[in-house]
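The structure appears right after this line, and notes come after that.
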Amino acid sequence: MSEARTFHRIQCTSSGGILTVVLNNPARKNAIGPTMVNELLYALDDGMHDPEVRCFVLTGAGDAFCAGGDFSDMTSGTGGGDALPVHGDYADLLLAFAASTKPIIARVNGHALGGGLGLVAASHFAVGVAGAKLGTPEVHVGLFPMMIMAVLQRNVPRRKLLEMMLLGRRFDVYEAVELGLLNQAVEIEQLDPAVDAITAELTAKSPIALRMGLEAYAQQDDLSLEAALPLLRERLAACLSTDDAREGLMAFLEKRSPRWTGK
């Protein structure tokens, strides 16, 4: 990593081009509050600026991914005298996920509820373990999943989303795959192999192609077809001008593996 930091609610390790970020408050099922949000923003920013990092894996400590909002942290403030300066709030975190030019894989090792489900929905890939539940229970305590609605509606069909939010329904991982919240649902012994297979494929790809592709994807996401196609035509031309594109095309013609430089 480019800079050592003191984190109270997450842990970060980097190896083989993969930055693994662990939501680390197992006593509270990794509930997410301002401290964790702030630290996630720093970790994501550090990873984005570290050329060695090719993708992120986000997971939870213990037997939960993230059980929702940490209301005690919301009322008690941040993690201590060495807490990081405020970098942003939960809305900023979801925007940072959407703007990430390095893929984010959610390793859903247990329940992902409320704000935790928002992180899953905002990730580029998500693999969930059998037995985990995903849902928005906020309505049961007189609240509503306001901010995560924005990312959930990009993945979940309208009627199922309303059922989830208005009734506080929880879905198992197999239903979550059908709803578009997860790419895969696996047994516990297959969770790490499934995530590793995704990261292995991603780290074998051209880093500049992935960066430019995710940038273009985010830019065209809310555009009409008439506005999106000219923008994507420009992005394709820019992509074709990279060294990696030339190397990839030459490697294809020469029937060999490409040697990416990230340029």
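We did not get these values from a lab; they are worked out from the coordinates using the rules stated. The structure presented is a predicted model; accordingly, all values stated were derived computationally and were not measured. With ideal geometry, Cβ positions are generated from the backbone for all residues, glycine too; neighbour counts draw on all protein chains shown.
Data for the structure
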item	result
Qualifying residue in the stretch 242-251 (condition: touching a helix residue (DSSP H, G or I) at 6+ places or on another chain (Cβ under 6 Å), over 26 Å from residue 127 (Cβ atoms) and not small (Gly, Ala, Ser))	yes
Total residues in the stretch 23-58, condition part of a strand (DSSP E or B) and either surrounded by fewer than 22 Cβ atoms within 10 Å (Cβ to Cβ) or not aliphatic (A, V, I, L, M) (or both)	2
Options 197, 251; residue that is within 20 Å of the chain's Cα centre (by Cα), of a type outside the set (Ser, Thr, Tyr) and under 24 Å from residue 101 (Cβ atoms)	197
Residue list for the stretch 147-178, restricted to those being part of a loop (DSSP other than H, G, I, E, B) and either surrounded by fewer than 14 Cβ atoms within 10 Å (Cβ to Cβ) or in contact (Cβ under 8 Å) with a residue 24 or more places away in the chain (or both)	154, 155, 156, 157, 168, 169
Residue pairs meeting the criteria (Cβ under 7 Å; at least 6 apart or on separate chains; first more than 15 Å from residue 51 (Cα to Cα), in the stretch 199-214; second of a type in the set (S, T, N, Q))	214/100; 214/101
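This table checks each residue for (1) of a type outside the set (Val, Ile, Thr); (2) in a helix (DSSP H, G or I); (3) surrounded by fewer than 18 Cβ atoms within 10 Å (Cβ to Cβ).
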{"position": "182", "(1), (2), (3)": "yes, no, no"}
{"position": "191", "(1), (2), (3)": "yes, yes, no"}
{"position": "199", "(1), (2), (3)": "no, yes, no"}
{"position": "226", "(1), (2), (3)": "yes, yes, yes"}
{"position": "237", "(1), (2), (3)": "yes, yes, yes"}
{"position": "246", "(1), (2), (3)": "yes, yes, yes"}
